[in-house]
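The values are calculated or read from the model by the stated rules, or taken from the named source; none is laboratory data. Since the structure is predicted, the reported quantities are computational estimates derived from the model, not experimental observations. Here the Cβ is made from the backbone with ideal geometry for all residues, glycine too, and neighbour counts use every protein chain on show. Surface areas here come from the heavy atoms of the whole protein model, side chains and all, with no ligands, DNA or RNA. Shrake-Rupley method; radii C 1.70, N 1.55, O 1.52, S 1.80 Å.
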Amino acid sequence: MIIQVPAFDELPALRAIERAAGEPFRALGMAAVADDEPPSIEQLTEFQRAGRALAAYEKAGPGEGRRRPVGYLLWEPVDGCTHVEQVSVHPDYAHRGIGRALIDRARGDGGRVALTLTTFTEVPWNAPYYARIGFRVLPEAELTPGLRAIRAHEAALGLDRWPRVAMRREPEWDGREG
């Protein structure tokens, strides 16, 4: 797998990945999440130009032509941490370690500081997955000002109608589960 900052002409493919990755939420009664509009090309361009958009590509085999992104991640610095704003993998490529590889790359690109994210607690591929790869739920008292602002923005968007949490993975996490 190759992970790199996507080219400008690949940004529409990231939007398509987001739409496809949202579809499984429909089966959980979360149609509003499935129907949510992906980041705009303008938003993706801002992350891309800052070097904070990452795309994962399968290696193209002989005669397969140009490779296409199969997953992506957006990150930004928040309160001294690397905050994972969005990570999505096309469902056709799920369960291959792509999300984890994107997160680990963001950790390196962000300066090997702690990683943070916000996520749904009751979605199997959200909080339970992140816990398996070294994240822990942050109690309310441990939320930084930036994370509080992110959570308030999410609430204003209506995402809090389903349980959500902020999570953190320390920089020294070594990749062992449990």
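Scanning segment 21-32 for residues being at negative phi and surrounded by fewer than 19 Cβ atoms within 10 Å (Cβ to Cβ) gives a total of 7. Scanning segment 114-128 for residues that are free of Cβ contacts under 8 Å to residues at least 24 places away in the same chain and part of a loop (DSSP other than H, G, I, E, B) gives PRO124, ASN126. You will find that of ALA149, ALA155, ALA101, ALA141, the residue that is assigned to a helix (DSSP H, G or I), of a type in the set (Gly, Ala, Ser), buried (at least 17 other Cβ atoms within 10 Å of the Cβ) and modelled with pLDDT of 90 or more is ALA101 and no other. Of the residues making up segment 104-113, those that are touching a strand residue (DSSP E or B) at 6+ places or on another chain (Cβ under 8 Å) and either of a type in the set (Ser, Thr, Tyr) or outside any helix (DSSP H, G or I) (or both) are GLY110, GLY111, VAL113. Considering segment 113-138, the residues that are of a type in the set (Val, Ile, Thr) and touching a His at 6+ places or on another chain (Cβ under 9 Å) include one that is least open to solvent (accessible area, probe 1.4 Å), namely THR116.
Only one residue in ASP92, ASP160, ASP109, ASP79 is open to solvent by 60 Å² or more (accessible area, probe 1.4 Å) and touching a Gly at 6+ places or on another chain (Cβ under 6 Å), so which one is that? Spell out the reasoning first.
Working: ASP92 fails: touching a Gly at 6+ places or on another chain (Cβ under 6 Å); ASP160 fails: touching a Gly at 6+ places or on another chain (Cβ under 6 Å); ASP109 fails: touching a Gly at 6+ places or on another chain (Cβ under 6 Å).
Exactly one of ASP92, ASP160, ASP109, ASP79 is open to solvent by 60 Å² or more (accessible area, probe 1.4 Å) and touching a Gly at 6+ places or on another chain (Cβ under 6 Å), namely ASP79.
Of the listed requirements (1) of a type outside the set (S, T, N, Q); (2) at pLDDT 90 or above; (3) more than 24 Å from PHE25 (Cβ to Cβ), GLY108 misses just one: (2).
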